[in-house]
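This report concerns only the one structure given below.
The values are calculated or read from the model by the stated rules, or taken from the named source; none is laboratory data. Owing to the predicted nature of the structure, the values given are computational and were not obtained by experimental measurement. Quick reminder, even Gly has a Cβ in these numbers, built from the backbone with ideal geometry, and neighbours come from all protein chains shown. With ligands, DNA and RNA removed, areas are computed over all heavy atoms of the protein, side chains included. Shrake-Rupley method; radii C 1.70, N 1.55, O 1.52, S 1.80 Å.
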Number of protein chains: 2
Amino acid sequence: MTRVRVESFTISLDGYGAGPDQDINNPLGVGGAELHQWLIPTRTIQRALFGKDGGTTAVDDDFAARGFQNVGAWILGRNMFSPIRGAWPDTSWQGWWGDSPPYHVPVFILTHHARAPIEMEGGTTFHFITGGIHEALAQARVAAAGKDVRIGGGAATIQQYLREGLIDELHIAISPILLGEGAALFAGLDLRARGYECVEFVPSEKATHVVLRRRA
Amino acid sequence: MTRVRVESFTISLDGYGAGPDQDINNPLGVGGAELHQWLIPTRTIQRALFGKDGGTTAVDDDFAARGFQNVGAWILGRNMFSPIRGAWPDTSWQGWWGDSPPYHVPVFILTHHARAPIEMEGGTTFHFITGGIHEALAQARVAAAGKDVRIGGGAATIQQYLREGLIDELHIAISPILLGEGAALFAGLDLRARGYECVEFVPSEKATHVVLRRRA
């Protein structure tokens, strides 16, 4: 059965999933790159993003790797795809990831501005969904064909899906930094009342990994 | 030189320092007792609160113990002393801790309602301060006589002192639970802009310990 999962979503000690003021040079907002000091050096991400061999193994890599396991489709908020706001000025922006993005499956991007799908190298196709989060999930489920759907983020997108009770499991990494402001993942969301509990709590030197799962 | 420290202050994964609806049976609010699963079993707390030998050692106890080291006075918010709201109905309430509270130094309690000091067994004296956080800190500094002042909490009290730039260092423990609502420690406070950084990040099986320090 398809599950809807959040994986490797990282927040600061003060609860922010990205820093403020995202732009082309700060895909995760100002200070946001520090968030992923546990993730970027892992073998999984070195291979997926940079095509490199090597990288850290152990706990951080275990979590990075499981984020890609059995994932048949992704959903991304618009800002995870692009620093552009409002209407698309042209079709030149094709994501942060170059010609061969690390997804290798269909990716559904939430946006208010329609755009034709983009077929990238390596099996990734970007689909732009203007019908809202339910439509995106419905299409992602079909595309996933029995595998899971991974909600990539950002915080606002995850919050929308949590509010609708649509996420089965979240792996959250807490990084040892303060961001001070930005997108607060847990703000205004009572996950306890929504039936979630912490089922894994695994530290590494660079992050604390927690898995939240909704009671069946 | 006297430093102003927060020690062993525990928050949930979603950032709350206590659960909602504090009352006589729930000193830390509903669900709040789960927060301190790392702390209560430690040798330090078993001895301090229950007069018992034994208890856990290692990381959790190291942090519990350092919270009492070189502390010459404490400051507590009213709700850390009492479930009573508004005026004191009488003088019968003398804290949550029985005849011999675990402080053994002067304790300054922030309240809007004046009350005579209470001298307890073992060196603890409760002083009730109606003049606000600055007055409490001034009196605590004098009482500490060169040792440090520990701000016990709760979250609202810590926030007030942080806003005034009066806290040098905070040890925060993050517990693997969700509270869902309650007193959010970091809400609306940009600690990064206020010059704090994470200088220690030490996991245990039961909590992630972080130390935040203001850059000099």
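Given the structure, is residue B:216 over 11 Å from residue B:6 (Cβ atoms), aliphatic (A, V, I, L, M), part of a helix (DSSP H, G or I) and over 17 Å from the mean Cα position of the chain (by Cα)? Write out each step before concluding.
Working: over 11 Å from residue B:6 (Cβ atoms): yes; aliphatic (A, V, I, L, M): yes; part of a helix (DSSP H, G or I): no; over 17 Å from the mean Cα position of the chain (by Cα): yes.
Criteria not met by residue B:216.
Just give me the residues in the stretch B:194-213 being assigned to a loop (DSSP other than H, G, I, E, B) and either basic (Lys, Arg) or within 15 Å of residue B:177 (Cα to Cα) (or both), in sequence order.
If the condition is that a residue be assigned to a loop (DSSP other than H, G, I, E, B) and either basic (Lys, Arg) or within 15 Å of residue B:177 (Cα to Cα) (or both), then B:194, B:204, B:205, B:206, B:207 are the ones that fit.
Can you go through B:173, B:156 and tell me which one is among the hydrophobic types (A, V, I, L, M, F, W, C), surrounded by 19 or more Cβ atoms within 10 Å (Cβ to Cβ), more than 8 Å from chain A (Cβ to nearest Cβ) and in contact with a strand residue (DSSP E or B) (Cβ under 9 Å, 6 or more places away or on another chain)? Reasoning before the result, please.
Working: B:156 fails: surrounded by 19 or more Cβ atoms within 10 Å (Cβ to Cβ).
Every option except B:173 fails the conditions.
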Counted residues, the stretch B:48-77 - those being closer than 15 Å to residue B:97 by Cβ, surrounded by 18 or more Cβ atoms within 10 Å (Cβ to Cβ) and out of contact with any helix residue (DSSP H, G or I) (no Cβ under 8 Å at 6 or more places or on another chain)
1
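Could you say which residue among B:64, B:58 is within 14 Å of chain A (Cβ to nearest Cβ) and farther than 30 Å from residue A:195 by Cβ?
One residue alone meets the criteria, B:58.
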Here the residues within the stretch B:176-211 that are more than 7 Å from every other protein chain (Cβ to nearest Cβ), closer than 23 Å to residue B:66 by Cα and buried (at least 17 other Cβ atoms within 10 Å of the Cβ) are B:185, B:202, B:204, B:206, B:207, B:209, B:211
Condition check for residue A:149: outside any loop (DSSP other than H, G, I, E, B), more than 7 Å from chain B (Cβ to nearest Cβ) and open to solvent by 40 Å² or more (accessible area, probe 1.4 Å)
no
Can you name the condition, by its number, that residue B:53 falls short on among (1) in contact (Cβ under 8 Å) with a residue 12 or more places away in the chain; (2) of a type outside the set (S, T, N, Q); (3) farther than 25 Å from residue B:157 by Cα?
(1)
